[in-house]
Amino acid sequence: MEKIISLIRTELRNNSEEITRKSGMRFFKEEIQSYGVKTAQVSRLSKEHFKKVEHSGKTAIFSLCEELWKSGYLEESFIACKWSYFIHRKYEPADFEVFYRWLNTYVTNWASCDTFCNHTMGEFIEMYPEFLDRIKCWARSENQWVRRGAAVSLIIPARKGKFLEAIFEIADALLNDNEDLVQKGYGWMLKAASQAHQQEVFDFVVRRKNKMPRTALRYAIEKMPRELKQEAMVR
């Protein structure tokens, strides 16, 4: 198994480009470790190497994911996210603690947070909605990426019209968060929910528009008709 990790890292180094690394930095406020490999190449590498480990069992694959997370490199985190999602049919309730540990320990930027939470956590919560209360608790974490994760874990379920009550609870808990990336996260969650529940989300936003940060408000109403946007933006 160690040979797979070593091979992946060698290929990432071989495919790295300084211009890609530097251009990618502009999307982050934080210090980011990156090889400088294009997203399409990272996706290709993740699929190619997963074929070599897919029959190893969930425990072994999760161990490999952990090693990738530990590196701190953006591209390795993306591969870990993809691999954990590739085996989503094998998720069990006990995996929640593993996923929370990864998020709380290793995630240090919005891209890793969103890639992991949109897919792995989004799929998990659809499979095991009894964990929604645990996700709600994330909104009160001291870790900004866990707080953002509380919102972005529900993006894909929200598009399907699911979990509206929990979405509103999380948005309320994050309403005046000091971090703009958390504000954008819950605004994005509300925007996703508006695809199936436009009126409910509009009413939610309008009732809070005088105290909701403009960043979150703009995200939440982005897909709404112009007349609703104008009404929501009036203070």
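Report the residue count in segment 209-225 for those that are within 28 Å of A111 (Cβ to Cβ), surrounded by fewer than 23 Cβ atoms within 10 Å (Cβ to Cβ) and not β-branched (V, I, T).
Residues flagged as within 28 Å of A111 (Cβ to Cβ), surrounded by fewer than 23 Cβ atoms within 10 Å (Cβ to Cβ) and not β-branched (V, I, T) within segment 209-225 amount to 8.
Between a first residue in segment 201-219 that is in contact (Cβ under 8 Å) with a residue 40 or more places away in the chain and a second residue that is of a type in the set (G, A, S), which pairs have beta carbons less than 7 Å apart while being 6 or more apart in sequence or on different chains?
Final answer for the pair search is A216/G187.
When the residues of segment 193-202 are narrowed to those that are of a type outside the set (S, T, N, Q) and surrounded by fewer than 24 Cβ atoms within 10 Å (Cβ to Cβ), which ends up nearest to R214 (Cα to Cα)? Don't jump to the end; show me each part of the working.
Taking segment 193-202 first, the residues of a type outside the set (S, T, N, Q) are 193, 196-197, 200-202.
Still in the list and also surrounded by fewer than 24 Cβ atoms within 10 Å (Cβ to Cβ): 196-197, 200, 202.
On the way: A196: 23, H197: 21, E200: 19, F202: 15 Å.
The residue in question is F202.
Go through (1) touching a residue at least 12 places away in the same chain (Cβ under 8 Å); (2) over 22 Å from T115 (Cα atoms); (3) open to solvent by 10 Å² or more (accessible area, probe 1.4 Å); (4) not acidic (D, E) and name the single condition Q230 misses.
Going through (1) touching a residue at least 12 places away in the same chain (Cβ under 8 Å); (2) over 22 Å from T115 (Cα atoms); (3) open to solvent by 10 Å² or more (accessible area, probe 1.4 Å); (4) not acidic (D, E) one by one, Q230 breaks only (1).
Would you check if L74 is over 18 Å from the mean Cα position of the chain (by Cα), closer than 21 Å to T105 by Cβ, surrounded by 19 or more Cβ atoms within 10 Å (Cβ to Cβ) and not acidic (D, E)? Before you say what the answer is, go through the steps one by one.
Details: over 18 Å from the mean Cα position of the chain (by Cα): no; closer than 21 Å to T105 by Cβ: yes; surrounded by 19 or more Cβ atoms within 10 Å (Cβ to Cβ): yes; not acidic (D, E): yes.
Answer is no for this residue.
Select from segment 167-204 the residues that are more than 17 Å from the chain's Cα centre (by Cα), small (G, A, S) and in a helix (DSSP H, G or I) and list them in ascending order. Step through it out loud before you land on a result.
Taking segment 167-204 as the starting set, the residues that turn out to be more than 17 Å from the chain's Cα centre (by Cα) are 168-169, 172-173, 175-178, 194-204.
After this cut, where a residue has to be small (G, A, S) as well, the list is 173, 194, 196.
Correct list: A173, S194.
Mind listing whichever residues of segment 41-62 are open to solvent by less than 80 Å² (accessible area, probe 1.4 Å), modelled with pLDDT of 95 or more and β-branched (V, I, T)?
Hits for segment 41-62 are V42, I61.
Out of the residues in segment 140-168 that are within 20 Å of T108 (Cα to Cα) and among the hydrophobic types (A, V, I, L, M, F, W, C), state the one that is surrounded by the most Cβ atoms within 10 Å (Cβ to Cβ). Walk me through how you get there before you give the answer.
Taking segment 140-168 and keeping what is within 20 Å of T108 (Cα to Cα), we get 140-155.
In the following step, the residues that additionally are among the hydrophobic types (A, V, I, L, M, F, W, C) were identified as 145-146, 150-152, 154-155.
Details: W145: 26, V146: 21, A150: 30, A151: 32, V152: 26, L154: 30, I155: 21.
For segment 140-168, the residue satisfying everything is A151.
The values are calculated or read from the model by the stated rules, or taken from the named source; none is laboratory data. From a predicted model like this one, the values you see are computed outputs, not experimental measurements. As a convention, Cβ positions derive from the backbone with ideal geometry for all residues, glycine included, and neighbour counts pool all protein chains shown. Surface accessibility is based on the protein's heavy atoms, side chains included, excluding ligands, DNA and RNA. Shrake-Rupley method; radii C 1.70, N 1.55, O 1.52, S 1.80 Å.
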